[in-house]
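A short worksheet on the structure shown next.
The values are calculated or read from the model by the stated rules, or taken from the named source; none is laboratory data. Predicted, not measured: the structure shown is a model, and the values here were computed from it. Cβ atoms come from the backbone with ideal geometry, glycine included; neighbour counts cover every protein chain shown.
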Amino acid sequence: MKARTASLLLMAPALLLLAAVFLYPLLRYGWLSFQASSVLTGLEPVPNGGANWGRLLDDARFWTDAFQTLRFAVCSVALELVGGLGLALLLHRPLRGRGTLRALTLLPWALPTTVMALGWRWILNDPHGPLNAAIRSLGGSSYGFLSTPATTWFFVVLADVWKTLPFVALLLLAGLQTIPEDLEEALRLEGAGRLQILRRLTLPLLVPYLALALLFRLAQALGVFDLIQVLSGGGPAGSTESLALYAYLNAMRFLDFGYAATVMLATFLLLLVLLGGGWWLWRRGDLQGRREGAA
Amino acid sequence: MAARPPFSSLRRWRSLPKLLTTALLALLSATVLLVLLPASGLSSSGMSAIPVAAADPVTVRVLMPAPLADAVAAPVAQFNASSPGVVLEVIRGPLDTETISDLATGSLLLGEAPFDLLLVDVSWLARYVAAGWFEPLERWFGPEVLAAMEPGARLGNGLDGHLWRMPLTGDTGLLYWRTDLMERPPRDTEELVAISRDLQRRGRVRWGYLWQGRQYEGLSCVMVEVLHGFGARWWNGSTARTELDSPEAVAAAQWLAALLQDGVSPQAVASYAENDALQSFAAGDAAFLRNWPYAWREIEKGGGPVKGKVGVTAMVGAPGEQGGGTLGTWGLSLIKGSPHPEEAVAAIRWLTGPVVQRQLAIEQGYAPTWSTLYDDPDLQRRAPLLTVQRQALQHPQLRPPTPAYAQLSDLLARQVNGMLTGQGGPGPTMAAAQRQSLQVLRSLAGPAGDTADGRPAVDR
Amino acid sequence: MRLLVLLWSLGPLLWQLRTSLLRPEALVAPLLEGNPWTLANYQLVLSGDPPFWRYLGNSTLVALATTLLTLLLAVPCAYGLQQQRGLLRWGVGLGLVGAAMFPTVLLFLALLEIARRFGLANDLLALSLPYAGLSLPLAVLLLRAAFADLPTELEDAARLEGLGLGQRLRHVLLPLLGPALASTGILVFLASWNEYAIALTWISRNDLLTLPIAIARIGGGSVFTIPYGAFAAATVLGSLPLLLLVLVAQRPIVSGLTRGAVKG
């Protein structure tokens, strides 16, 4: 009994800080979302009923951004999972200089997002960036990659994939390392090819890791902020704006804290619904699979 | 078995913690050195730069968009040479109006602004004043000072009976027309369309009228002009509400939509900002252009096909209505809590004075605010737009002087751009804009948003 | 294949390296035409006001302070959590996983209010408080997994010998935890070195900016075009410490992430 109390005390400082950093904001947003706290109230909170939520429902910008954020997250996470799996398989093979290779492929993930966001802006610069220089040297004319919605969106996704692919690959690498080699050996003796091993052995055993990477990356991608703020600023004409960026603008540009809190809470709820729904679907599939396996 | 890879590989790294601790300690001490050394280094170099005999000079910092900062570099040097004890330091901010506002806002929210003066766009003023970030200026600049300015230039500086900003420029939206295609500029919107269609029919020009229809604040500036030109108003200062669904407002939106439907303006206008419209006009694509004063200088400098064939006039309204360009002025405000307001005000006095404004008019085409400058024959010769700019300053239009302008502008631009790209007719578009505006005001002001006692506009 | 992977990972960075070594006029010249190499961009960045290494120093300071604080809080918490049973253990564990996944940008407004209320703005050491909070979930999860790997007999023996809780932690458990501490510390260091949203709203003074913010300001705060040469030099300088860290500590990073995946 005494040991339990002592261990609770040991946990207390960390739990307090965690509550201050994670729990307090959520509670605060919940309260703020029913307040007007803006330049019209001298930045002080004044209750405004459900006005913020009513506004949210009719706010075309919020729903456009929600759709754009979701589209971004789904596309980049899908690409990251596929690419990450490939990279993990490559890094898992015994190669000369594997450690260095792992370290170097890890580098994009280790760099601050803003550093390469600005780097991409230079690479895509119209007309002096290398990409346009290459196009011109092939006889084409420069293209404003960051001034049309479609290409801007494409490169935002690409930049995100470039940065987070190594992270996904590492998670999957962890999964690969748990697969006993003798199983693979047994399959190979049965005459299974590489693709067959991948399909029959590797992928099924990787499912938990794929799911973990999916959940984790989806949550992060739905909160995408710094990459978009620096690479495209949400433009052109708001076509790459994410929910987090919109929430940021509401607070820092419009000084509308009540609504900013509402947008952030709504984003969080949206995230919860998506991840919770995804998790539930996966668990159902998993249980079914197990039942079938048992049968 | 399962935990083998991470753990067994680390067994060999037994010495790693020690190595890492050493490395971390080394890094930590290096950082402490790096952070401490420069501080002492900076102060010592600062000491050596200043003659020991002089008293500590007061540094006044002003944040400006970089082009304006560069334009005033020479006058700032002049100021520093002539006023001992004060050093005026210009911080070059981003070019984009919203980005520089973000930068300023971020600093001001935290309570310690790293600048004493801020160059403020007319559309930010109400928001910054409501946030309580500015010091009133009437202690230093009485009514007699503003009386020496053109009437339009006096607008957008006062609010709630206080003076918050000293204007540095007096720009308004202008109508550009082709002197090689017509005898005289149109007097109203109907003439503008008629001339355009006639020229287009005769194949003299591809498009009639170019303006800014992209979904951004520039479209709101266009809306201010069109709404006023059709006798509507965006903002009612006495009720502190928007009036976007009035029949006049719908007629104004209808006119813009018809421009695209009838081919007077290209569909591409819906994605045009100032520079896109200017480029197309400068290439000779159109008979008319809506833009700011800077465009004239760009056209004349560029040497394109329409160089020397462009006239400028004040913005037109519907027949029987008075037209008026949107006021787009910059001015200097004093940050509350500045440790040396007197010196900062001296800097405002110099920077908004005739010497600096004269130079800005000549080099950048900015409209001055002082009436005497408009009467100066030498300046008239060197800044040919002066007469038109003065005329435009007689009836300028203010964007809604409410702290909520940024949100209202965002949703109106979004709705109108949607209409331009075919997502709805003028009636439903303006009705939706009005509904959403009231929602925003309610959410911003709480119960006050429902009543009529919001913040009244005090620009008189 | 390996080459392709390296090209993908390092290509954009190598291009920044090339850009950083070119004169401004060479940047706008046609590709591969006359390359007058120069170190002028580095000179420009390092002699700026404040000089660029100041930002590196700021980031390092915050990241180190955060790492120390996080480990200080996470070790006892992980140990305590490992001792718990039942609902509490399950609930806290679930909460930690949720928090580890939470997109941190959504927290900035409430944290900004805290900074304003308690005067924590523009203070690098104060910044390590929210950073430690953000890093704690992952750190506790990783360390709890490490504690779980330790044989329980070891601690029982120490307890029989009459060692108190503090002594057991310090003399018996921590030494065995070395590798886990190292990998957790590195992950926390990386995360706080790279954090953006909180630093963006907590720091406004130019000489206190952390590296990610300083870099972003070069992009947003420039006039007509970004000074790409100087910026590329900044990128390279900002990447070098991380390149070194990743090369030296590749194993602990990989094993840290791996362990997190296996146990989390």
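Key figures for this structure:
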{"item": "Given (1) at pLDDT 90 or above; (2) closer than 20 Å to B:E342 by Cβ, number of the condition B:L125 does not satisfy", "result": "(2)"}
{"item": "When residues of the range C:50-86 are limited to those that are without any contact (Cβ under 8 Å) to a residue 60 or more places away in the chain and surrounded by fewer than 21 Cβ atoms within 10 Å (Cβ to Cβ), the one farthest from A:R4 (Cα to Cα)", "result": "C:P51"}
{"item": "Residues of the range A:170-181 satisfying the condition of being at pLDDT 85 or above and either more than 8 Å from chain C (Cβ to nearest Cβ) or over 22 Å from C:L187 (Cα atoms) (or both)", "result": "A:L172, A:L176"}
{"item": "Residues that are within 12 Å of chain A (Cβ to nearest Cβ) and either within 8 Å of C:W202 (Cβ to Cβ) or of a type in the set (K, R) (or both), drawn from the range C:121-135", "result": "C:P130"}
{"item": "First in the range A:33-49 and over 12 Å from B:P403 (Cβ atoms), second anywhere and part of a loop (DSSP other than H, G, I, E, B) and of a type in the set (A, V, I, L, M, F, W, C), Cβ under 8 Å, 6 or more apart", "result": "A:S37/A:L43; A:P47/A:F34; A:N48/A:F34; A:G49/A:F34"}
{"item": "Any helices (runs of 4 or more DSSP H) falling wholly within the range A:43-138 and containing at least 2 residues that are facing another protein chain (nearest Cβ under 9 Å) and of a type in the set (V, I, T)", "result": "A:98-110, A:113-123"}
{"item": "Selected residue (criterion: farthest from the chain's Cα centre (by Cα)) from residues of the range B:306-355 that are under 21 Å from B:A66 (Cα atoms) and of a type in the set (S, T, Y)", "result": "B:T352"}
{"item": "Selection within the range B:384-423 - within 18 Å of the chain's Cα centre (by Cα), over 20 Å from B:G324 (Cα atoms) and charged (D, E, K, R)", "result": "B:D410"}
{"item": "Within the range C:233-245, tally of residues that are facing chain A (nearest Cβ under 7 Å) and either under 29 Å from B:D96 (Cα atoms) or modelled with pLDDT under 85 (or both)", "result": "3"}
{"item": "For C:L257: the one exception among (1) more than 8 Å from every other protein chain (Cβ to nearest Cβ); (2) buried (at least 23 other Cβ atoms within 10 Å of the Cβ); (3) modelled with pLDDT under 80", "result": "(1)"}
{"item": "Filter result for C:V140 (without any contact (Cβ under 8 Å) to a residue 60 or more places away in the chain and either over 21 Å from A:F225 (Cα atoms) or more than 22 Å from the chain's Cα centre (by Cα) (or both))", "result": "no"}
{"item": "One residue from B:T421, B:T372, B:T429, B:T387 being crowded, with 21+ Cβ neighbours inside 10 Å and of a type in the set (S, T, N, Q)", "result": "B:T429"}
{"item": "Hits in the range B:140-160 - residues which are part of a loop (DSSP other than H, G, I, E, B), at pLDDT 90 or above and within 18 Å of B:R127 (Cβ to Cβ)", "result": "B:L155, B:G156, B:N157"}
{"item": "Condition broken by A:E80, with the remaining ones in (1) surrounded by 18 or more Cβ atoms within 10 Å (Cβ to Cβ); (2) more than 30 Å from A:L205 (Cα to Cα); (3) among the acidic types (D, E) satisfied", "result": "(2)"}
{"item": "Number of positions in the range A:116-162 that are charged (D, E, K, R) and crowded, with 21+ Cβ neighbours inside 10 Å", "result": "2"}
{"item": "Meets criteria (part of a loop (DSSP other than H, G, I, E, B) and either more than 18 Å from A:V21 (Cα to Cα) or without any contact (Cβ under 8 Å) to a residue 60 or more places away in the chain (or both)) for C:G166", "result": "no"}
{"item": "Enumeration of residues in the range B:223-251 that are outside any loop (DSSP other than H, G, I, E, B) and crowded, with 22+ Cβ neighbours inside 10 Å", "result": "B:M223, B:V224, B:E225, B:V226, B:L227, B:H228, B:G229, B:W235, B:T242, B:A249"}
{"item": "Residues of the range B:298-313 that turn out to be under 23 Å from B:E217 (Cα atoms) and either out of contact with any strand residue (DSSP E or B) (no Cβ under 7 Å at 6 or more places or on another chain) or outside the structural domain of B:V193 (by TED's automatic domain parsing) (or both), as a count", "result": "1"}
{"item": "Members of the range A:14-42 that are surrounded by 15 or more Cβ atoms within 10 Å (Cβ to Cβ), away from chain C (no Cβ under 14 Å) and small (G, A, S)", "result": "A:A36"}
{"item": "Search result, residues across the range B:380-406 that are touching a helix residue (DSSP H, G or I) at 6+ places or on another chain (Cβ under 6 Å) and away from every other protein chain (no Cβ under 14 Å)", "result": "B:Q380, B:R382, B:A383, B:L385, B:L386, B:R390, B:L393, B:P396, B:Q397, B:R399"}
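Here's the yes/no breakdown for (1) surrounded by fewer than 22 Cβ atoms within 10 Å (Cβ to Cβ); (2) touching a Cys at 6+ places or on another chain (Cβ under 9 Å):
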site: C:L109; (1), (2): no, no
site: C:L112; (1), (2): no, no
site: C:A115; (1), (2): no, no
site: C:N122; (1), (2): yes, no
site: C:A126; (1), (2): yes, no
site: C:Y131; (1), (2): no, no
site: C:L134; (1), (2): no, no
site: C:A139; (1), (2): no, yes
